[in-house]
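In what follows, a structure is listed as structure tokens, so that the remarks can point back to it.
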Amino acid sequence: MKVDVLLGLQWGDEGKGKIVDVLTPEYDVIARFQGGPNAGHSLEFGKIKHVLHSIPSGIFHKGQINVVGNGVVIDPIIFKKEIEEIRELDVDLHKTLLISKKAHLILPTHRILDAASEIAKGKTKIGSTLKGIGPTYMDKTGRNGLRVGDIIMPGFRDKYEFLKEKHKDILKQYNYSYSIDEIENEWFEGIKCLKEYELVESEYLLNGFLNENKSVLAEGAQGTLLDIDFGSYPFVTSSNTICAGACSGLGIAPGKIGDVIGIFKAYCTRVGSGPFPTELTDKTGNELREKGKEFGATTGRPRRCGWLDLTALKYSIMLNGVTRLIMTKADVLSGFEKLKICTSYNTSDGKTDIFPFTFDESIQPEYIELPAWSRDISEMSNIEELPKELLDYISYIEDEVQVPVTIASVGPSRKATIHLK
């Protein structure tokens, strides 16, 4: 068997959580491969609406195994809160949730460092979620980090104190006041919660599942355009959000990757700072935000909204080797007078369809216009019901990117999912 990878192709918030939840019955194992509680994967089914941050999005299906991979960073405080909220929904994860010993831990001082650093940047701030993600990955690559497996090893408390003191020394360079005692006590309660779950050598576990012909879906967080190497740097996250990140974040060889499922919205959104070529700051942008309920699942911040950007989408498809596409939030486009899609950029050096090394004010999107549809599609359940204008919109995208769109999501719930192919 091979691992299928599901990831976002824009700046995050594409609806990955819902789609993982919808696809979970097709798989034996769901494995999260990067990111941390800066992710917010929203699920809606029946009367339940729930947001996950660290735990894979397959947990509400009985029988599937959910694995938090080595590429993920975990905040024990947030992890414990997630577990408690899930338990209130009468879901016990003790037998279905496995956590990699090699996943790194977010310390209270990581969050403090994140906040102090972001404030110090002033106008150049990148829009961090302030969850301590960046400082944790910095300690990981600096070979100073604490890993989940350390919590069951002798000397864990000494390792924690050493890293905390190092962080406190760094914080002396900032004019930033903080208190750690209360959050530290809460953090160690989170460590106790982590110890209740099975800590595993996830690379052996997952490869063993494949050898047993079990099907595995790798779940990404954030989006391709936030990748630390290939995103709109420096306004990016601190991990590899692309398909290659599934290999390093789970211990899977490249040759064991199967389908690569790319998720994109029918339009574009972005949270925080950074370039956004098709951003709409007018009435249309506000309408997209209100109709799409575009507010961050993790931060609550209003998302910036704009038209679909095919130049950026093609770039993401290339980087990931996407084999099939899923389009979300098609219902949000209902009722507009006309729809636009960016096909290229006009720059000071002429027209280009290449995602640029850096963005400046000279880069302007070039659009084509397509007919809109007026009907509400949020209650539709099969392809025969969909308006011709929407099907034409999808066909145009497929022709341009040369990858099939196999599913269209027309609402937040499980049932608002239409299989096109």
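The values are calculated or read from the model by the stated rules, or taken from the named source; none is laboratory data. Values in this document were obtained by computation on a predicted structure and should not be read as measured data. Methodologically, a virtual Cβ is constructed for each residue, glycine included, from the backbone with ideal geometry; neighbour enumeration extends over all protein chains shown.
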- Note on the structure: Only unsatisfied item for residue 218, checking (1) out of contact with any Asp or Glu (no Cβ under 9 Å at 6 or more places or on another chain); (2) small (Gly, Ala, Ser); (3) within 26 Å of residue 19 (Cα to Cα), is (1)
- Message: Exactly one condition in (1) modelled with pLDDT under 90; (2) on the phi < 0 side of the Ramachandran plot is false for residue 70; which is it?
- Response: (1)
- Message: Looking at the structure I just gave you, is residue 204 modelled with pLDDT of 95 or more, surrounded by 22 or more Cβ atoms within 10 Å (Cβ to Cβ), aromatic (Phe, Trp, Tyr) and at negative phi?
- Response: no
- Of residues in the range 359-369 being touching a residue at least 12 places away in the same chain (Cβ under 8 Å) and outside any strand (DSSP E or B), the one surrounded by the fewest Cβ atoms within 10 Å (Cβ to Cβ): 362
- Message: For the range 133-175: of the residues being in contact with a Gly (Cβ under 9 Å, 6 or more places away or on another chain) and free of Cβ contacts under 8 Å to residues at least 60 places away in the same chain, which is surrounded by the fewest Cβ atoms within 10 Å (Cβ to Cβ)?
- Response: 163
- Query: Is the range 232-245 home to any residue that is surrounded by fewer than 17 Cβ atoms within 10 Å (Cβ to Cβ), out of contact with any strand residue (DSSP E or B) (no Cβ under 8 Å at 6 or more places or on another chain), among the aliphatic types (A, V, I, L, M) and in a loop (DSSP other than H, G, I, E, B)?
  - Reply: no
- Which number in (1) within 27 Å of residue 286 (Cβ to Cβ); (2) in contact with a Ser or Thr (Cβ under 9 Å, 6 or more places away or on another chain); (3) part of a loop (DSSP other than H, G, I, E, B) marks the one condition that residue 356 misses? (1)
- Pull up the range 312-353, narrow it to residues that are under 18 Å from the mean Cα position of the chain (by Cα) and in a helix (DSSP H, G or I), then point me to the one that is nearest to residue 254 (Cα to Cα). 320
- How about the range 9-28: which of its residues are buried (at least 22 other Cβ atoms within 10 Å of the Cβ) and of a type in the set (D, E, K, R)? 13, 14, 16, 18, 21
- Message: Of the conditions (1) in a loop (DSSP other than H, G, I, E, B); (2) under 19 Å from residue 57 (Cβ atoms); (3) in contact with a strand residue (DSSP E or B) (Cβ under 7 Å, 6 or more places away or on another chain), residue 262 satisfies every one except a single condition; which number is it?
- Response: (1)
- Select from the range 373-382 the residues that are hydrophobic (A, V, I, L, M, F, W, C) and at pLDDT below 95 and list them in ascending order. 380
- Query: Exactly one of (1) touching a Phe, Trp or Tyr at 6+ places or on another chain (Cβ under 6 Å); (2) more than 20 Å from residue 179 (Cα to Cα) is unmet by residue 122. Its number?
  - Reply: (1)
- Item | Failed item in (1) within 26 Å of residue 204 (Cα to Cα); (2) among the polar types (S, T, N, Q); (3) buried (at least 24 other Cβ atoms within 10 Å of the Cβ), with residue 64 passing the rest | (3)
- Task: Filter the range 176-187 down to residues that are in a helix (DSSP H, G or I) and without any contact (Cβ under 8 Å) to a residue 24 or more places away in the chain and give me whichever is surrounded by the most Cβ atoms within 10 Å (Cβ to Cβ).
- Result: 185
- Scan the range 213-230 residue by residue and report those that are crowded, with 24+ Cβ neighbours inside 10 Å and small (Gly, Ala, Ser). 218, 220, 221, 223
- Note on the structure: Among the residues of the range 43-60, the number that are buried (at least 19 other Cβ atoms within 10 Å of the Cβ) and not hydrophobic (A, V, I, L, M, F, W, C) is 6
- Residue count, the range 314-343 (criterion: surrounded by fewer than 17 Cβ atoms within 10 Å (Cβ to Cβ), more than 26 Å from residue 417 (Cβ to Cβ) and not acidic (Asp, Glu)): 2
